[in-house]
Amino acid sequence: MQKKLLKTLILLTIISVGITAIFLFIGLKDYCFKSVRAYISYNVIFFKMLRSLMTAALFSGVLALFLWGRISERIFFPLKEMIRVTKAYANGNFAESIHVNYPDELGDLGETINFMASRLQKSMHELDERATRMESILRGMVDGILAVDNAGRIMLVNPVAEKMFNIRAPDVTGRYLIEVIRNYELNEFIKASLKRGIVSFKELIFLPDEQILRVHVSPIEDFSGKTLGIVAVIRDITELRRLEKVRSDFVANVSHELRTPLTSIKGFVETLLDGAYKDPNLSKRFLSIIDFETGRLNRLINDLLDLSQLETNQIKLQIETVKLPEFVDEIIAIFDARLGEKSLSFSTYIPDDLPGVKADPDWLRQVFINLVDNAVKYTPPRGKIWIEAEEKGDFVEIRVCDTGIGIPGQDISRIFERFYRVDKARSRQLGGTGLGLSIVKHIIKSLGGEIKVESKVGKGSKFIFLLKKAD
Ligand code: ADP
């Protein structure tokens with residue numbers, strides 16, 4: 001712009017000098033050409049005038065240059081600087097500032113722009129901070145967050161919600177919720193919530209995994225209280241509901257397991273009191289039933305206590321190196337009488353040089369007792385029971401085997417559950433509590449190992465578990 005002005009100034013100077021020269025030439029020509037002398041004097045005058053004009057032109061040029069310099073310095077340079085700096089602001093670069101130190105309007109404008117930029121920078125910084133804080137809150141939340149505008153279009157989705165509904169925020173933002181999450185109940189609930197504009201919640205089941213989601217919605221309002229949409233906080237409560245069911249099933253099972261022997265004991269005690277005690281044979285039979293049921297109650301309570309300790313990690317394991325050959329021999333001695341009663345054969349296949357295992361001897365004893373007890377219970381007379389062990393990498397694999405009734409394929413995955421029995425009546429009749437395998441599984445897990453079962457109905461079962469090898 002200042003170049004244009006400079007050009008105009010120079011052009012104007014040249015034009016004015018040119019026009020003056022033409023007028024002078026025409027005027028003097030008519031007046032002076034009347035004689036030779038006059039002609040000469042005309043020339044002298046003309047050249048004098050021309051010199052004056054040239055001087056004037058030179059003077060005007062210098063003046064124009066001076067004026068241009070002053071105008072540039074006072075107006076164009078500051079304006080150019082302001083344009084450069086405001087462009088930098090527009091690109092988000094607030095490191096620049098305007099340096100105009102004149103005590104005039106341009107100086108004021110420069111200062112105002114600087115002040116405005118620092119306010120803007122501060123506000124943007126605050127906004128950035130708020131957005132970062134918000135983002136980390138949304139990222140850190142264990143619940144899914146889904147914000148929907150009044151038209152039902154998705155405004156925001158956090159990573160948990162992305163995972164829950166298998167969607168990606170950039171793909172779904174701005175799209176209608178109904179197109180993105182095809183769940184009729186959820187869409188109806190969101191629609192109703194948008195209409196009502198109040199806080200509410202609902203539990204919804206999502207197929208095909210039967211995921212149970214608790215959706216809590218509240219309206220999003222602007223400063224004037226106008227509703228802009230709703231935000232839904234979604235929590236996956238599938239596991240919670242499952243645990244609640246497990247707990248209530250457990251309580252029901254425990255009550256049932258306790259009531260059965262108690263009812264039996266009470267019945268026989270009443271019968272005895274009613275006079276049966278007078279008959280020695282009857283008394284003996286009833287008392288032995290009472291003894292059996294009391295034993296079952298006792299075992300049940302002990303098993304429940306063990307299980308609760310194991311499940312709540314209350315046990316302090318005393319880890320030692322356990323040498324299996326001697327350890328197993330000691331345990332089997334406990335079963336001698338029962339093995340004999342059923343004519344069951346028992347053998348061990350444990351190499352003498354087998355490395356020891358890292359275990360708490362008391363809890364490991366419980367594992368062997370429970371497994372061998374089951375083998376004895378579920379193996380018909382004249383069957384075989386044996387224990388094998390061998391080194392497997394950093395572990396020792398132990399197998400407790402029998403030629404018993406076996407476990408049907410569909411029950412195998414569930415027999416380690418509390419109170420799960422293939423045949424309830426048979427287990428009860430044999431004095432089982434339904435907790436033995438559950439306890440075994442927990443102990444082995446606490447010892448850093450794992451257990452599985454291989455079984456064939458009518459052929460027998462193999463309970464195979466790993467224990468860490470001692471160093
Ligand atoms: P229980 O007190 O009923 O024996 P457990 O937890 O020890 O409870 O075992 C659960 C169920 O697993 C048993 O009721 C039985 O049906 C089955 N089971 C366990 N061990 C064996 C085995 N060696 N042979 C056949 N079935 C078994």
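When Glu111, Glu105, Glu135, Glu96 are checked against the criterion of being among the charged types (D, E, K, R) and closer than 21 Å to Pro219 by Cα, a single residue qualifies: Glu135.
Among the residues making up the stretch 372-396, those that are surrounded by fewer than 20 Cβ atoms within 10 Å (Cβ to Cβ), in a loop (DSSP other than H, G, I, E, B) and within 13 Å of the ligand (Cβ to nearest atom) are Pro380, Gly383.
When Glu388 is tested against the conditions (1) touching a Ser or Thr at 6+ places or on another chain (Cβ under 8 Å); (2) over 24 Å from Ala470 (Cα atoms); (3) modelled with pLDDT of 95 or more, the lone failure is (2).
A residue that is of a type in the set (Gly, Ala, Ser), touching a Ser or Thr at 6+ places or on another chain (Cβ under 9 Å) and at positive phi occurs nowhere in the stretch 420-433.
Looking at the structure I just gave you, is Ile412 near the ligand (Cβ under 6 Å from one of its atoms), farther than 19 Å from Gln366 by Cβ, in the same structural domain as Lys384 (by TED's automatic domain parsing) and at pLDDT 90 or above? Against the criterion (near the ligand (Cβ under 6 Å from one of its atoms), farther than 19 Å from Gln366 by Cβ, in the same structural domain as Lys384 (by TED's automatic domain parsing) and at pLDDT 90 or above), Ile412 does not qualify.
Each residue in the stretch 345-371 was checked for being buried (at least 16 other Cβ atoms within 10 Å of the Cβ) and of a type in the set (Asp, Glu), and 1 pass. The residue that is surrounded by the most Cβ atoms within 10 Å (Cβ to Cβ), counting only those in the stretch 415-428 that are more than 7 Å from the ligand (Cβ to nearest atom) and either in a loop (DSSP other than H, G, I, E, B) or not assigned by TED's automatic domain parsing to the domain that holds Tyr378 (or both), is Arg418. Residues in the stretch 83-103 that are outside any loop (DSSP other than H, G, I, E, B) and farther than 30 Å from Leu12 by Cα: Arg84, Val85, Thr86, Lys87, Ala88, Tyr89, Ala90. Only a single criterion out of (1) touching a Cys at 6+ places or on another chain (Cβ under 6 Å); (2) under 30 Å from Val254 (Cβ atoms); (3) not acidic (Asp, Glu) is not satisfied by Trp386, namely (2).
Being assigned to a helix (DSSP H, G or I) and either under 16 Å from Leu324 (Cα atoms) or within 8 Å of the ligand (Cβ to nearest atom) (or both): is that true of Arg399 here? The answer is no for Arg399.
Table: residues versus (1) touching a Phe, Trp or Tyr at 6+ places or on another chain (Cβ under 9 Å); (2) more than 16 Å from the ligand (Cβ to nearest atom); (3) under 18 Å from Phe463 (Cα atoms).
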residue	(1), (2), (3)
Gln309	no, yes, no
Thr321	no, yes, no
Leu324	no, yes, yes
Lys342	no, no, no
Leu354	no, yes, no
Leu364	yes, yes, yes
Phe368	yes, no, yes
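In the set (1) within 21 Å of Leu11 (Cα to Cα); (2) loosely packed, with under 12 Cβ neighbours inside 10 Å; (3) aromatic (Phe, Trp, Tyr); (4) modelled with pLDDT under 80, Phe59 fails one condition alone, (4).
Among the residues of the stretch 434-469 satisfying the criterion of being polar (S, T, N, Q) and assigned to a strand (DSSP E or B), which is farthest from the ligand (Cβ to nearest atom)?
Per the criteria, the residue is Ser455.
Residue-level analysis places Asn313 among those that are on the phi > 0 side of the Ramachandran plot and touching a helix residue (DSSP H, G or I) at 6+ places or on another chain (Cβ under 9 Å).
The values are calculated or read from the model by the stated rules, or taken from the named source; none is laboratory data. All values reported here derive from a predicted model rather than from experimental measurement. No Cβ is skipped: glycine too gets one built from the backbone with ideal geometry, and neighbour counts run over all protein chains shown.
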